[in-house]
1. Nearest 500 deg cm²/dmol is fine: what mean residue ellipticity at 222 nm does the chain get from its DSSP H runs of n ≥ 4 alone, each adding -39,500 (n - 2.57), divided by its residue count?
2. Explain nothing, just the number: dipole magnitude of region 59-345 about its Cα centre with +1 on each Lys and Arg Cβ and -1 on each Asp and Glu Cβ, in debye rounded to the nearest 20.
3. How far is it, in nm, from the label point at Glu51 to the one at Ile35 when both lie 7 Å from their Cα along the line to the Cβ?
4. Among the listed pairs Lys204/Lys359; Lys21/Lys350; Lys94/Lys159; Lys87/Lys320; Lys275/Lys426; Lys204/Lys350, which have their C-alpha atoms separated by more than 28 angstrom in this model?
5. DSSP loop trypsin sites (Lys or Arg not before Pro) in region 101-171 with at most 16 other Cβ atoms within 10 Å of their Cβ, which ones?
6. Counting residues in region 7-153 as N, plug N into 2.2 N^0.38 Å and put the Cα Rg over that result.
7. Where a Cα-Cα gap under 17 Å defines reach, which aspartates and glutamates qualify for Lys137, not counting those fewer than 8 residues away within the same chain?
8. Quick check for me: using +1 on Lys/Arg Cβ and -1 on Asp/Glu Cβ, what's the dipole size of region 288-428 about its Cα centre, in debye to the nearest 20?
Amino acid sequence: MRSLIRGVAVIRRPEEGVIPKADVIIESRRYAAVIEGGGAEGEFDRVIEGEGRLLVPGLVNAHTHLAMTLFRGLADDLPLMRWLEEKIWPAERKLTGEDVYWFSLLGLVEMIRCGTTAFADMYFFMEEVAAAVEEAKLRALLSYGIIATSEERIDSELKRAEAFARRWDGKAEGRIRAALSPHAPYTCGPEVWRQAAQLARELKIPIHTHLAETAEEVERFTAQHGKSPALWLEGLGVFAVPVLAAHCVHLSEKDMEILAAHGVTAVHCPSSNAKLACGIAPVAELLAAGVNVALGTDGAGSAGDLDMLEEMRWAALLGKLKAGDPEAVPAPQALSLATWRGAQALGGLKEWGTIEEGKRADGVLLSLEAAHLQPGHSPLSDLVYAAHSSDVVGVFVDGRPLLLEGELLTIDEERVRAECRARARKYR
Ligand SMILES: [Zn+2]
């Protein structure tokens with residue numbers, strides 16, 4: 001299969017700015033050539049017109065709980081602990097594998113329509129999540145969320161997480177990778193963390209967790225353990241493996257140094273953090289300290305939606321507010337959080353995450369025609385500060401279109417919407 005995107009504006013990686021016009025050739029699932037100015041020759045199986053359009057690396061949602069689309073709008077405007085304890089955890093006890101499958105597909109529809117090509121997900125019934133991902137043909141880092149506050153749950157929870165990881169790591173033509181996910185330092189004891197770190201090392205997979213989301217949680221944990229959650233995890237050897245730490249809102253300077261020294265990725269979830277009034281993660285400070293920062297929506301139950309374009313804008317805007325500096329988190333940097341830094345977090349940057357010859361052809365094609373993107377002084381700035389998911393006209397993973405000219409090609413959207421509306425009733 002040989003495809004051509006003709007005469008398109010391209011951002012290969014955010015730091016390099018915009019190539020105003022190029023012919024992009026995709027061959028055998030990889031980017032084969034980016035010819036500046038155009039002029040590609042030869043036969044193609046598929047030609048996509050790129051005039052008035054922008055091709056960028058696929059967006060990476062580095063922290064979400066896909067099937068929580070089920071809980072969108074179920075319980076809003078509450079603090080995190082009340083939201084979890086009074087609303088979400090009781091509702092989750094009614095969950096079935098089939099519900100998780102359908103609401104994962106619903107989340108995948110939304111993610112594709114917003115230009116997301118890869119994501120990191122942690123939840124329950126992960127077999128069903130993986131089946132949905134395999135069908136929809138996105139790229140994903142998947143893990144079973146371990147919650148084990150009592151001793152007797154440790155073995156069964158770890159076994160379940162391990163079985164999933166062994167079965168799915170490398171599946172779906174390599175698009176699915178597995179991780180281990182002790183949910184958070186406050187929901188898993190030290191033995192879980194020690195064993196998970198050991199197992200992650202053995203299986204050569206990362207750990208994906210939550211860290212320092214609310215001030216209250218960090219204060220309580222620190223009072224109880226005599227050190228911050230980040231220091232505590234380091235002491236247990238958790239950071240010896242690659243770690244994605246969602247939120248990282250409340251960190252000390254010392255915590256940041258530790259994350260940087262161990263190559264931990266902080267996954268910034270600005271809209272979820274804002275909606276739950278958790279605070280604003282110090283993105284500019286984290287980056288200055290040398291920490292990789294990626295971007296995630298968190299679950300649609302807490303964040304409202306899974307729109308990575310919106311999340312990127314939130315990251316730029318809140319990053320400036322937090323730093324008290326309009327020059328903080330400039331547009332190219334915001335785009336890097338949503339693209340290659342996410343690929344680095346998911347362990348895939350060598351293979352995908354930027355538009356380079358030889359890399360997997362993951363990308364998003366956006367129309368630049370809408371009124372809110374005129375007059376077009378800077379397509380990169382417009383992408384970060386003005387674009388909407390309605391501008392997304394094409395989404396590719398491994399060179400395969402998942403969305404083209406507004407049409408979803410791997411999911412029956414109408415059926416998914418109908419199934420989900422029917423299934424949601426029993427949760428009200
Ligand atoms: Zn989360």
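Values in this text are rule-based calculations from the coordinates and carry no lab data. Source: prediction; values computed, not measured. Glycine also receives a Cβ, built like all others from the backbone with ideal geometry; neighbour counts cover every protein chain displayed.
1. Values: 16 runs with 157 residues, N = 428.
The helix-only estimate for the chain comes to -10500 deg cm²/dmol at 222 nm.
2. On the way: 27 positive and 38 negative charges, 111 e Å.
Dipole of region 59-345, to the nearest 20 debye: 540 debye.
3. If labels sit at Glu51 and Ile35, their model points lie 1.7 nm apart.
4. Values: Lys204/Lys359 22 Å; Lys21/Lys350 26 Å; Lys94/Lys159 22 Å; Lys87/Lys320 33 Å; Lys275/Lys426 26 Å; Lys204/Lys350 16 Å.
Pairs exceeding the cut-off: Lys87/Lys320.
5. Numbers: sites: Arg113, Lys137, Arg139, Arg153, Lys159, Arg160, Arg166, Arg167, Lys171; in loops: Lys137, Lys171.
Answer in residue order: Lys171.
6. Numbers: Rg = 20.6 Å, N = 147, 2.2 N^0.38 = 14.7 Å.
Output field value: 1.40.
7. Glu110, Asp121, Glu127, Glu128, Asp169, Glu173, Glu351, Asp362, Asp398, Glu407, Asp412, Glu413
8. Numbers: 15 positive and 21 negative charges, 142 e Å.
I would put it at about 680 debye.
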